[in-house]
Amino acid sequence: MKALENKLDEVLVKKAAYKLPENFKKGLVTALPWLALLGGILSLLGAWGVYQIVSWASSWMGVANELGSTYGYYTGYSASFGPLLWVSLVLLIVEAVISFMAFNPLKEKKKRGWDLMYWLALINVAYAVVYLIAAPNIMQFVFSLLCSAIGLYFLFQVRSHYLGTTTSTETK
């Protein structure tokens, strides 16, 4: 994974067509722990919301199926938890835990916090690939990859602040 990190650093920082201004980077470093905390909260709320909606839909589908069978119709509808939904719920919870774990190290500008955010970005890319295979939607896949690329760009632009290697050459 270190090789991938070094390659991404090469592409997203050293060879980047545009480098973020140093003041913007400092602001992002200050905001990143709070963004991680917010991301963790939103991930948990998202997981809970998805669970509630599917549970509600599942109960109503059961009512519809019973009503249909009473009148001699087989609807065959199901709103049960499929494997992709379980993977989604688990990943949302894992993302929340990683985001919460990253808060303090990011606040203290430790590389461990940056590493956790890096892993979070890689998990999102892997999930986009799994989702593409399980439920093919090329536009959603492209959007997910684009969002991940933007997130990785910002993350790598501030990486030096977590390595303690911010130099005057990065501000030019």
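At a Förster distance of 35 Å, what's the computed FRET efficiency of Tyr18 paired with Trp119, Cβ-Cβ distance as r, to 0.05?
After rounding to 0.05, the efficiency reads 0.85.
Compute the FRET efficiency between Gln52 and Phe143 as 1/(1 + (r/R0)^6), taking r as their Cβ-Cβ distance and R0 = 22 Å, and round to the nearest 0.05.
0.30
Using only alpha carbon pairs under 8 Å that are at least six residues apart, calculate the relative contact order of region 15-134 and give it in whole percent.
This gives 31 percent for region 15-134.
If each residue's Cβ is checked for other Cβ atoms within 10 Å, how do Val63, Val97 rank with the fewest at the top?
Ascending Cβ contact count within 10 Å gives the list Val63, Val97.
If the only charges are +1 at each Lys and Arg Cβ and -1 at each Asp and Glu Cβ, what is the size of the charge dipole of the chain around the Cα centre, to the nearest 20 debye?
Roughly 840 debye, rounded to the nearest 20.
Looking at Pro105, Ser144, Ala16, which one has the Cα that reaches farthest to the positive end of the dipole of the chain (charges on Cβ: Lys, Arg +1; Asp, Glu -1)?
With unit charges placed on the Cβ atoms, the residue in question is Ala16.
Please identify the helices of the chain, taking whole runs of DSSP H, that span at least 24 Å along their own axis as judged from the Cα atoms and have a mean Kyte-Doolittle score of 0.5 or higher.
22-70, 83-107, 111-134, 138-157
Using Cβ counts within 10 Å as a stand-in for footprinting exposure, how do Thr30, Thr70 rank, fewest first?
The most exposed by this proxy come first: Thr70, Thr30.
Take Asn65 and Leu42, extend 7 Å from each Cα along the Cα→Cβ direction, and tell me the distance between the two endpoints in nm.
For the pair Asn65/Leu42, the computed spacing is 3.5 nm.
Can you classify region 80-149 as rounded, prolate or oblate using the Cα gyration tensor, where a ≥ b ≥ c are the square roots of its eigenvalues, rounded means a/c under 1.5, and otherwise it's prolate if a/b beats b/c and oblate if not?
Cα axes put region 80-149 in the oblate bin.
Only the coordinates and a few stated rules stand behind these numbers; no lab work does. Only a predicted model underlies this, so the values are computations on that prediction, with no experimental measurement involved. FYI the Cβ positions are ideal-geometry reconstructions off the backbone, even for glycines, and counts take in every protein chain you see.
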